[in-house]
Amino acid sequence: MYLEIVSPEATLFGGEVTSVTVPGINGEFQMLNNHAPIVSILKEGHVKVEGNIQLEKEVEAKFTKSDKGVWLAINSGTLEMKDNKLIILAD
């Protein structure tokens, strides 16, 4: 699936990923390929992205790397998943 993470300052990430876990207001949840369409509000926490992640040098410092992928700390945000494209608007 294709993931795009956008902040007020810049587009932080855009690319193919295998899974994304987000801090929803009713609890953490994960999206995989072919997930049903969804719109959700996000609360403070970490967006966890798994896959072969290639980050741009300008935004690399905003992410924490792990063995499976990367994490991004957010204060809040919204997401929309439709047709295997996930867009996260993050603060």
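Brief remarks follow.
- Accessible area of Ser7 in the full protein assembly, 1.4 Å probe (Å², nearest 10): 20
- Surface share of carbon and sulfur [accessible, 1.4 angstrom probe, percent] for the chain: 49
- The slack in the chain from Ile87 to Asn26, taken as 0.36 nm per residue of separation less the alpha-carbon distance, amounts to 20.1 nm.
- Loop sites by DSSP among the trypsin sites (Lys or Arg not before Pro) of the chain, restricted to those with at most 14 other Cβ atoms within 10 angstrom, leave 1-56 as the longest stretch without any of them.
- In region 15-91, GluC sites (Glu not before Pro) in a DSSP loop with at most 11 other beta-carbon atoms within 10 Å: Glu44, Glu56, Glu58
- Taking a sphere under 14 Å around the Cβ of Asn84 and counting the other residues whose Cβ falls inside, with K and R at +1 and D and E at -1, yields a net charge of -2.
- Per residue, the accessible area of the chain comes to 60 Å² when a 1.4 Å probe rolls over the protein heavy atoms.
- Listed candidates [x] 3, 13, 24, 26, 21, 10, 3, 0; [y] 3, 12, 18, 17, 17, 14, 9, 5, 3, 1; [z] 3, 15, 29, 29, 18, 5, 0 - label of the one calculated as P(r) over Cα pairs in 5 Å bins from 0, in percent: [z]
The values are calculated or read from the model by the stated rules, or taken from the named source; none is laboratory data. Small disclaimer: the values here were computed from a predicted structure and weren't measured. Note that each Cβ is placed from the backbone with ideal geometry, even for glycine, and that neighbours are counted across all protein chains shown. All accessible areas refer to the heavy atoms of the entire protein, side chains included, with ligands and DNA or RNA removed. Shrake-Rupley method; radii C 1.70, N 1.55, O 1.52, S 1.80 Å.
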